[in-house]
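Visitor: This is the structure I want to talk about, given as structure tokens.
The values are calculated or read from the model by the stated rules, or taken from the named source; none is laboratory data. As the structure is a prediction and not an experimental result, all values here were calculated from the model. In this analysis, Cβ positions are derived from the backbone assuming ideal geometry, glycine residues included, and neighbour counts consider all displayed protein chains.
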Amino acid sequence: MGAVAASLVALLLGLLSVTQFRSQDVYSRSLQQETPSSLATLIASLSDRNNSLRDEIFDLRLRVQAAEESVASGRGSLTESQRQLSQLRVLTAESPVRGPGIALSIDGAFDDRALADLVNELRNAGAEAIAVDGARIGPRSWFASGPGGSVVVDGGVLPGPWVVRAIGAQEVLYVAITRTGGIVGQFALIYPRTRFATTKELALELPPRAAR
Amino acid sequence: MTGSKPGSGARASRTAVLLVPALLFGFLSTVLWRTQLERTDLTAGYNAPLTDSARQLQDEQSSLKSQLADLRARLDGIQASAAAQSGTSNQLQQQIDGLKARAGLTAMTGEGVVVELDDARTGVPTVKEPDKSVCHATDVIDIVNTAWRAAAQAVAVNGERLVARSSAYCIGATVIVNGTLKSPPFNIIAIGPQNDLAGAFADPAQLRDIKQRREDGSLAFRVTRATALTAPAYDGASSVRFASPQ
């Protein structure tokens, strides 16, 4: 009888441990596991992205129509080609650019991973052109730590203090990085002695990317 | 034989001592299990309209990207035929093709490496820092940065080509790359000089945090060489509205 009871205890203890293990199985990453707040943010993000795609589709339809008409009338597609060339030089960071945006000055300790996160955040907010000091960020730009607290961008050492400039929708960029809990707020917690100052700029001028 | 009664009573009380906690454990474990099930059902119930909306928007995005790709192909066709008829257009077209390739707007094939990154799916996660047992957008950014540093020519994360407009970020536990919902495992392909790429990922000074988490068993991270990789063309929005070329 004692042996049966002991077995029963062991069995139930086993059941308990299995149940507790189940409670720690938090690795399903499907949407069902998200909080309503995260899902609302996800929906807003997807909606914004889809609106950008719709705008581009609308614009491209007009360009296709104009190019078709131009070719049909014997004028070729020179206008469209020049337009594409000009846009592609911005995307590849091969031309100097001018436009509205924001400038973030960073004075104090900082590092390459934080800089990569900042560039990622600016791109997410729709920045069309970004430069760190005089180094224009291209599609394949990379960041590393340099000597004496400096950062390296595409092989060039930037000793700091740094100014990160980004051209795009000024208000969107500004709010994206300065909002409560945003990336600048997080930096201020991580680097409490570093001074971060963000300004809206009407006309930034960024150099082309150095040849690689 | 009166002596047998006290012995039998002692055995009964010993059994009771074992049975009572066993029943208590059983009862508590069942309550815990049922409560969790109810809570999960309840959360899923509340979230259902939101998850449905997110999925619908993701499907809509796929359809919009497909429309965009069709329009781009149509414009390319018009330009190609115009270029064939004019020397100036032909020269411009060659410049455009080169720029498109450098911007990541055309697919690229070549040798390189495949980096696999995944959550720890076996064993109990580190209770102290459960955050380290899942892969985050920052891990993806670090891996991509390592690839660019090793002279990669093209990088794609789960089929999303990374370009000057690309970003990767987390909302809750979901990772979003180029505005598209992604979940682990991540397959990051980097096309470029294979030895340089493999060497950079093998370098102990690179990706220390990710490698430490792999050693702790809290993250899966593996790099393999591959000879015929294809990075698809970027299919997101790329129009320039604010930056004027000088």
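Visitor: Output the number of the condition that B:LYS132 fails; it satisfies all remaining conditions of (1) in contact with a Ser or Thr (Cβ under 7 Å, 6 or more places away or on another chain); (2) under 30 Å from A:ASP111 (Cα atoms); (3) of a type in the set (D, E, K, R); (4) modelled with pLDDT of 90 or more.
Guide: (4)
Visitor: Of the conditions (1) under 30 Å from B:ARG102 (Cα atoms); (2) touching a residue at least 60 places away in the same chain (Cβ under 8 Å); (3) surrounded by fewer than 19 Cβ atoms within 10 Å (Cβ to Cβ), A:ILE177 fails just one. Which one is it?
Guide: (3)
Visitor: Which residue out of A:ARG195, A:ARG136 is in contact (Cβ under 8 Å) with a residue 40 or more places away in the chain, in contact with a Leu (Cβ under 7 Å, 6 or more places away or on another chain) and not small (Gly, Ala, Ser)? Write out each step before concluding.
Guide: Working: A:ARG195 fails: in contact with a Leu (Cβ under 7 Å, 6 or more places away or on another chain).
Exactly one of A:ARG195, A:ARG136 is in contact (Cβ under 8 Å) with a residue 40 or more places away in the chain, in contact with a Leu (Cβ under 7 Å, 6 or more places away or on another chain) and not small (Gly, Ala, Ser), namely A:ARG136.
Visitor: May I ask you to list the residues in the range A:88-119 that are surrounded by 21 or more Cβ atoms within 10 Å (Cβ to Cβ), part of a helix (DSSP H, G or I) and in contact with a Phe, Trp or Tyr (Cβ under 7 Å, 6 or more places away or on another chain)?
Guide: Passing the criteria: A:LEU115, A:ALA116.
Visitor: Then there's this: Pick from A:ARG63, A:ARG49, A:ARG83, A:ARG75: which is over 20 Å from the mean Cα position of the chain (by Cα), in a helix (DSSP H, G or I) and more than 17 Å from B:LEU105 (Cα to Cα)?
Guide: Values: A:ARG49 fails: over 20 Å from the mean Cα position of the chain (by Cα); A:ARG83 fails: more than 17 Å from B:LEU105 (Cα to Cα); A:ARG75 fails: in a helix (DSSP H, G or I).
None of the other options fit; the residue is A:ARG63.
Visitor: Residues B:ARG165, B:ARG102: which one is in a loop (DSSP other than H, G, I, E, B) and facing chain A (nearest Cβ under 8 Å)? Working first, answer last.
Guide: Numbers: B:ARG102 fails: in a loop (DSSP other than H, G, I, E, B).
After ruling out the rest, the residue left standing is B:ARG165.
Visitor: Looking only at residues in the range B:172-185 that are in a strand (DSSP E or B) and surrounded by 22 or more Cβ atoms within 10 Å (Cβ to Cβ), which one is modelled with the lowest pLDDT?
Guide: Keep residues of the range B:172-185 that are in a strand (DSSP E or B), which gives B:174-177, B:180-182.
Then drop every residue that is not surrounded by 22 or more Cβ atoms within 10 Å (Cβ to Cβ), which leaves B:174-175, B:177.
Values: B:THR174: 85, B:VAL175: 90, B:VAL177: 95.
By that ranking, first place goes to B:THR174.
Yes/no per residue for (1) within 7 Å of chain A (Cβ to nearest Cβ); (2) surrounded by fewer than 15 Cβ atoms within 10 Å (Cβ to Cβ); (3) under 18 Å from B:LYS182 (Cβ atoms):
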| position | (1), (2), (3) |
| --- | --- |
| B:PRO49 | no, yes, no |
| B:ALA54 | yes, no, yes |
| B:GLU60 | yes, no, yes |
| B:LYS65 | yes, no, yes |
| B:ASP70 | no, yes, no |
| B:ALA73 | no, yes, no |
| B:GLN79 | yes, no, no |
| B:ALA82 | yes, no, no |
| B:SER89 | yes, no, no |
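Visitor: Check the range A:62-78 and report whether any residue there is facing another protein chain (nearest Cβ under 7 Å), of a type in the set (S, T, N, Q) and over 27 Å from A:GLY146 (Cα atoms). Don't jump to the end; show me each part of the working.
Guide: Pass one, the range A:62-78, residues facing another protein chain (nearest Cβ under 7 Å): A:63-64, A:67-68, A:71, A:76-78.
Checking the rest, the ones that are also of a type in the set (S, T, N, Q) come to A:77.
Remaining after also requiring over 27 Å from A:GLY146 (Cα atoms): A:77.
The answer is yes, given that some residue of the range A:62-78 is facing another protein chain (nearest Cβ under 7 Å), of a type in the set (S, T, N, Q) and over 27 Å from A:GLY146 (Cα atoms).
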